[in-house]
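Novice: For reference, the structure I am asking about is given below.
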Amino acid sequence: MSRLEIRKAGDPVLRQIAEPVKKIDKKTKNLLNDMALTMYAANGVGLAAPQVGKLTRVIVIDIGEGLLEMINPEIIAKEGSCTHIEGCLSVPDFDGEVERAEKVKVKFLDRTGKSVILPAEGLLAIAAQHEIDHLDGILFVDKAKALVKKEEQDKQ
């Protein structure tokens, strides 16, 4: 396993739409492993493949309840609305207030190719929506109602 470079806002790869995974092979599994290592090393709760320069529909999430690996994730149901402060490993200098669905159902394949439908709420729902946006070339700053520079937050 190896740590990958996290691409920052301004890198054109972050604005491209990722391609679906057609076959879960060793390359896909290695990418999942490397992405998890990279996310943990950066103290993140989620990471999408475009953030490490790979235009494939793969994300990893860990909100403190164990690693979730999602291949070809899609949101199949949304419910409610909530607003939270979000940050992003690709936009390290800012946090933003973003409105998202309060609850979602995410359909994806796990690393064995098994289809999973995961109901999610709270931080998991937010992280899933945030990371799936990355697969479509969307950054949280595009949806933020307000942005705050992190160094200004620290002074408060």
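The values are calculated or read from the model by the stated rules, or taken from the named source; none is laboratory data. Every value quoted in this text rests on a predicted model; they were computed, and no experiment measured them. Positions of Cβ are generated from backbone atoms using ideal geometry, with glycine treated the same way; all protein chains shown enter the neighbour counts. Note: accessible area is taken over every heavy atom of the protein model, side chains too, but ligands, DNA and RNA are not part of it. Shrake-Rupley method; radii C 1.70, N 1.55, O 1.52, S 1.80 Å.
Novice: Quick check: with the 1.4 Å probe, what order do D136, D34 take by accessible area, largest first?
Specialist: On the way: D136 65, D34 25 Å².
Order by accessible area, largest first: D136, D34.
Novice: Within segment 1-91, what whole-number % of the accessible surface is contributed by carbon and sulfur, with the 1.4 Å probe and all protein chains included in the calculation?
Specialist: Of the solvent-accessible surface of segment 1-91, carbon and sulfur hold 49 percent.
Novice: So, one more: Any chance you could give the angle, 0 to 90 degrees and rounded to 10, that helix 26-41 forms with the longest Cα principal axis of the chain?
Specialist: It is inclined by approximately 30 degrees.
Novice: In debye to the nearest 20, how big a dipole does the chain give about its Cα centre with +1 on each Lys and Arg Cβ and -1 on each Asp and Glu Cβ?
Specialist: In debye, rounded to 20, the chain gives about 680.
Novice: Next up: If you work out volume of the Cα convex hull per residue in Å³ from the coordinates, which of (i) 153; (ii) 143; (iii) 109 do you get?
Specialist: (iii)
Novice: Let me ask you something else. Kindly report the accessible area of the chain per residue (heavy atoms of protein chains, probe 1.4 Å, no ligands, DNA or RNA), in Å².
Specialist: Here the per-residue accessible area is 53 Å².
Novice: Now, a different point. Classify segment 105-156: rounded, prolate or oblate, from the alpha-carbon gyration tensor (a ≥ b ≥ c, eigenvalue square roots; a/c under 1.5 rounded; otherwise prolate if a/b is larger than b/c)?
Specialist: Taking the square roots of the gyration eigenvalues as a ≥ b ≥ c, segment 105-156 is prolate.
Novice: Less than 14 Å Cβ to Cβ from L67, Lys/Arg counted +1 and Asp/Glu -1: what total charge do the surrounding residues give?
Specialist: Here the charged neighbours net out to -4.
Novice: If you plug each phi of segment 100-107 into the Karplus form 6.51 cos²θ - 1.76 cosθ + 1.60 with θ = phi - 60°, what whole-Hz ³J(HN,Hα) values come out, in order, with x for Gly and Pro?
Specialist: With coefficients 6.51, -1.76 and 1.60, one gets 9, 5, 6, 10, 9, 10, 10, 9 Hz.
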